[in-house]
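Asker: Pasting a structure here, questions to come.
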Amino acid sequence: MRLIDKVKMAFGVEDDSLHLRPLKNKDLPDILRIEDSVYDYPWSEQIFKDCLAMGYSNWGLHSEGQLIAYAILSIAVGEAHVLNICIDPDKQGQGFGRMFLQELFKVAKEKGAESIFLEVRPTNKGAIVLYKKLGFTQIGQRKNYYPVEGGREDALVFSYSFD
């Protein structure tokens, strides 16, 4: 049984109201709503438009016709890099993030990735716990990577190997 089907069962969803599909330009308003509600320094609409136009692996998790999570992945030469991933704040802490990431693992593997990388703020404790539970390992730190009020914050670099 696919993980998305297990999540549907756990949430009592009996139809295809919970599904993964490629992001489209029509998703931009919902993407921006979620992005702006989660991040103090959100990506601009133009950045998302560029990601859609460039052919990155762009995915949305939809529930009952509403976008509840999105991810932008760059996949090349055996590596996937999560450039942006976000879960609607109203859906966080309910298992959607774990399920979404595991579905993204499948996408990355199907496109030839042997490993996946991402950066996360050290202050994003919930995401760090999730990444570690899924088997990610911290492999480094990027100094002054993220903007914060009054300066910059480092990024922790995590990797996951499909071997």
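The values are calculated or read from the model by the stated rules, or taken from the named source; none is laboratory data. Here the structure is a predicted model, which means the values were calculated and not measured. Note that we place each Cβ from the backbone using ideal geometry, even for glycine, and neighbour counts take in every protein chain shown.
Asker: Residues of the stretch 84-100 being buried (at least 18 other Cβ atoms within 10 Å of the Cβ) and within 17 Å of Ile34 (Cα to Cα), which ones?
Answerer: Residues satisfying the conditions are Asn84, Ile85, Cys86, Ile87, Asp88, Phe96, Gly97, Phe100.
Asker: Further question on the same structure: Could you tell me which residue of the stretch 25-43 is farthest from Thr123 (Cα to Cα), considering only residues that are in contact with a strand residue (DSSP E or B) (Cβ under 8 Å, 6 or more places away or on another chain) and surrounded by 11 or more Cβ atoms within 10 Å (Cβ to Cβ)?
Answerer: Filtering the stretch 25-43 for residues that are in contact with a strand residue (DSSP E or B) (Cβ under 8 Å, 6 or more places away or on another chain) and surrounded by 11 or more Cβ atoms within 10 Å (Cβ to Cβ), the one farthest from Thr123 (Cα to Cα) comes out as Asp27.
Asker: Here is a follow-up. Report yes if some residue within the stretch 113-129 is surrounded by 13 or more Cβ atoms within 10 Å (Cβ to Cβ), basic (Lys, Arg) and within 17 Å of Ile75 (Cβ to Cβ); otherwise report no.
Answerer: No, there is no match, as no residue in the stretch 113-129 is surrounded by 13 or more Cβ atoms within 10 Å (Cβ to Cβ), basic (Lys, Arg) and within 17 Å of Ile75 (Cβ to Cβ).
Asker: Looking only at strands (runs of 3 or more DSSP E) that lie completely in the stretch 54-123, which have at least 3 residues being not hydrophobic (A, V, I, L, M, F, W, C)?
Answerer: So the answer is 57-63, 66-76, 79-87.
Asker: Still on this structure: Given the residues Phe100, Phe136, which is the only one that is closer than 20 Å to Gly60 by Cβ, of a type outside the set (S, T, N, Q) and in contact (Cβ under 8 Å) with a residue 24 or more places away in the chain? Reasoning before the result, please.
Answerer: Working: Phe136 fails: closer than 20 Å to Gly60 by Cβ.
Checking each option against the conditions leaves just Phe100.
Asker: For the subset of the stretch 137-155 comprising residues that are of a type in the set (A, V, I, L, M, F, W, C) and farther than 17 Å from Cys86 by Cβ, which member is surrounded by the fewest Cβ atoms within 10 Å (Cβ to Cβ)?
Answerer: Step by step, filter the stretch 137-155, then rank; the result is Ile139.
Asker: Which of (1) touching a residue at least 24 places away in the same chain (Cβ under 8 Å); (2) loosely packed, with under 12 Cβ neighbours inside 10 Å; (3) not aromatic (Phe, Trp, Tyr) does Leu52 not meet, given it meets every other one?
Answerer: Failing condition for Leu52: (2).
Asker: Inspect all residues belonging to the stretch 56-64 and state whether any of them is hydrophobic (A, V, I, L, M, F, W, C) and closer than 14 Å to Asp27 by Cα.
Answerer: Checked against the condition, which is being hydrophobic (A, V, I, L, M, F, W, C) and closer than 14 Å to Asp27 by Cα, the stretch 56-64 yields at least one hit.
Asker: Take Val157 and tell me if it is modelled with pLDDT of 95 or more and β-branched (Val, Ile, Thr).
Answerer: yes
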